[in-house]
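Q: Attaching a single structure in structure tokens format; questions to follow.
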Amino acid sequence: MRLALLAFLLCVFIIQIGYAQNTKGYIDSLLNIANKAKPDSNSVNALTTLQRFYFERGQYDSVLKYAKKTLPISKKLKNTKSQARVNYNLGLIYTNLSEYDSAEYYLKDALALIPITKDTVAEINIYNALALLSNKRSNYVSAVEYLLKSVERIDQSGNPAIKQWLPQAYSNIGHNLIAEKQLEKGIEYEKKALLIKNYPNEDRYRILLYLDIFDAYVKLKELKTGKFYLDSAIALNKKVNNVVISAMVANNEGYYYDQLSDANNAKKAYARAYQLCNSTGNEYLKAEVGGNLASLNFKTRNYEEAEKYAIEANTIGKRLNHYKVTASTYEILKRLASLQGDYKNALTYAELYKIYADSATNQETQNATLSLESKYQNQKNEREIAALIITNTQNELEVVKRNRLLILGGVVASASLIIIGLFYRNSRQKQLLAERDGALQQEQIKFLERQQQVVSLQSMINGQETERTRIAKDLHDGLGGLFSTVKMYFSTLQHDTPALKENDLFQKSYAIVDSASVEVRRIAHNMMPEVLMKLGLVNAVKDLCDNISAGKLLNVSLEVHGMNRRLNATTEIMLFRIIQELLNNIIKHAQATEAIIQFIRENERLSVVVEDNGRGFQTQEANNKNHLGIAAIQSRVNYLNGKMSIDSQKNVGTTIMMDFLIDEGQTNTSE
């Protein structure tokens, strides 16, 4: 028995050595082609193959090395197809390495080349990669937009090879739904993707599908069901030689044991995942695993290890804006400080935990709310449309059945022509009524479809305003606070070292920091003016007019009638954005010296008029070309269910009139 076992192990060892030698020979042959003195298309193909080889094994440093070597050769050979695919590879790798700005740069470059290459597969891959990047940034709205574009391109293609990319699209949509806490819907998409077989990189994608489904079932408190999918991922991972995928599987395995309170096995799995993250440079996943290790060590009272992992994960989480990890590690550090009697630091960590926990909650809740609201309305309308279509079909079937009965009755009872005639006339009347009902139902379907468009428009505009508010807050609280701190340090340094008052470089540096601080606050103010939120629309517009008039290039005056009470917050924001966009257009294009803004409110009607004495333009041309941002303004007017008209004459000026119906129940009394 021992001899048989020894022989078996020897065979395995010899096979592994042969495989390693064959792999080395394969790589060497590709390198010989790639490193030719005069690179050609064969060199590009060899380098592309090397990138794919190392990507499938999760060796991202090697992928970057050969991708950066391929790009200049492709440009020199004017091989745009290769350029697009190399830019895609670079974007995907930088996404996995959490270098998001670089990732976006290369992916947008790749997308710009698609109209030239006409490469549908590359286009689908790029949209999927942009969706992944948006996910990493917690921007689920953008992720869904890119995924829908990907699915659209797949559906448009009649090529069976392109249809093979459908599981990836389903997988990504399911991942987004799970991230938005729509767990059952997410599982449905993921399982739909599992039904499709025989497509490129199937094993790797199936592992990700299993892990997503496992995560969803754990959140649903169905641990036993989730374990089946985790076991499937673990078994399939043994066939796939990919370090990054292995790290993800190990992290989920640790999470499973953690849920079972099996600390020993959980710690082993997390440690294995952490070590794999170190080897790949996947900082985003490393932060998550580090946070899990910190939490587990704290629960098992291994406080020294808990502090070490918490600090490491916290540092990475802050750098990558991974708010969940940052918040959870601050919570652990707070508890550790309390146990050590260090109440000063415990209080500091508690305050930081609250800040980052609020950021994570706000970011996720806002994105999820916008998307869920839109999807809920769409699903509701779709159900009503489906019900109407079914009713319409049933009516048509009933008409067909009646006609058949009429024919049968005519054959069987030819002697009863009068009775049949009367019955036919009655049936015909019913048929006309059914057709009329069908026409009404078709009108109702069209009405519901228009409602869907309005819901989508509302979701898009709400998303824009939410993002403006978030960016303005980040600028004001983040960069604004940093600049204030730097100014304080400069002042302290100048006070402690009086000689610096005579130092020109120091004074210039101080002046630049001061200017930058003012500029950041100005930008934040423009994105979401504080006066709009506190004092209302009229005061915010007056402040805007005063700021523009102070520049002395355009004098803007404001006339207000009947605006004693404030409007609701959403209406005020939309109206302010409309006025802001119109004034920007006047400054950029109209060459005007004066502008007048009028607000006239009579009961439930609000009229807004913006006039200038500029050079004017052809309104027909504006309609055809979306001239001067009119389309953006029109979309906001539509959002408020208003009407807009434009009167413009060459060298005389432009008048834009807007009318809105204001719900009296939605106004606030001015303070």
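Q: Within segment 225-251, can you find the residues that are part of a helix (DSSP H, G or I) and at pLDDT below 90?
A: Kept after step one, since they are part of a helix (DSSP H, G or I), are these residues of segment 225-251: 225-237, 243-251.
Within segment 225-251, Val243, Val244 meet the criteria.
Q: Being under 23 Å from Asn282 (Cα atoms), modelled with pLDDT of 85 or more, in contact with a helix residue (DSSP H, G or I) (Cβ under 9 Å, 6 or more places away or on another chain) and among the acidic types (Asp, Glu) narrows it down to one residue among Glu56, Glu104; which is it?
A: The conditions single out Glu104.
Rundown of residues vs (1) part of a helix (DSSP H, G or I); (2) at pLDDT below 90; (3) of a type in the set (Ser, Thr, Tyr), yes/no style:
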site	(1), (2), (3)
Ala540	yes, yes, no
Asp543	yes, yes, no
Gly551	no, yes, no
Thr571	yes, yes, yes
Asn584	yes, yes, no
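Q: Sticking with this one: Does any residue of segment 169-181 turn out to be β-branched (Val, Ile, Thr), within 16 Å of the chain's Cα centre (by Cα) and more than 23 Å from Leu320 (Cβ to Cβ)?
A: Yes, there is a match, as at least one residue in segment 169-181 is β-branched (Val, Ile, Thr), within 16 Å of the chain's Cα centre (by Cα) and more than 23 Å from Leu320 (Cβ to Cβ).
Q: Among (1) touching a residue at least 12 places away in the same chain (Cβ under 8 Å); (2) farther than 21 Å from Arg52 by Cα, there is one condition Trp165 misses while meeting the rest; what is its number?
A: (2)
Q: Among Asp212, Asp203, which is the only one that is farther than 20 Å from Ala271 by Cα, modelled with pLDDT under 90 and assigned to a helix (DSSP H, G or I)?
A: The unique qualifying residue is Asp203.
Q: Give me the pairs, please: first residue somewhere in segment 96-125 and at positive phi, second residue anywhere and surrounded by 17 or more Cβ atoms within 10 Å (Cβ to Cβ) and part of a helix (DSSP H, G or I), beta-carbon distance under 6 Å, and either six or more positions apart or on two chains.
A: Hits for this filter: Ser98/Glu283; Ser98/Tyr284.
Q: Separate question: Any residue at all in segment 238-259 that's within 22 Å of Asn201 (Cα to Cα) and without any contact (Cβ under 8 Å) to a residue 24 or more places away in the chain?
A: yes
Q: Given the criterion among the aliphatic types (A, V, I, L, M) and either in contact with a Gly (Cβ under 8 Å, 6 or more places away or on another chain) or under 19 Å from Trp165 (Cα atoms) (or both), identify the matching residue among Ala216, Ala235, Ala263.
A: The match here is Ala216.
Q: Scan segment 259-281 and tell me whether some residue there is of a type in the set (S, T, N, Q), closer than 23 Å to Tyr170 by Cβ, surrounded by fewer than 17 Cβ atoms within 10 Å (Cβ to Cβ) and not assigned by TED's automatic domain parsing to the domain that holds Tyr60. I'd like the intermediate steps shown before the answer.
A: In the first step, residues of segment 259-281 are kept if they are of a type in the set (S, T, N, Q); the result is 259, 261, 264-265, 275, 278-280.
Imposing the further condition that a residue be closer than 23 Å to Tyr170 by Cβ reduces the set to none.
Scanning segment 259-281 turns up no residue that is of a type in the set (S, T, N, Q), closer than 23 Å to Tyr170 by Cβ, surrounded by fewer than 17 Cβ atoms within 10 Å (Cβ to Cβ) and not assigned by TED's automatic domain parsing to the domain that holds Tyr60.
Q: Consider Lys375 carefully, then state whether it is at pLDDT 80 or above, in a helix (DSSP H, G or I) and over 21 Å from Gly290 (Cβ atoms).
A: In short, no.
The values are calculated or read from the model by the stated rules, or taken from the named source; none is laboratory data. Predicted, not measured: the structure shown is a model, and the values here were computed from it. All Cβ positions, glycine included, derive from the backbone under ideal geometry; neighbour counts span all protein chains shown.
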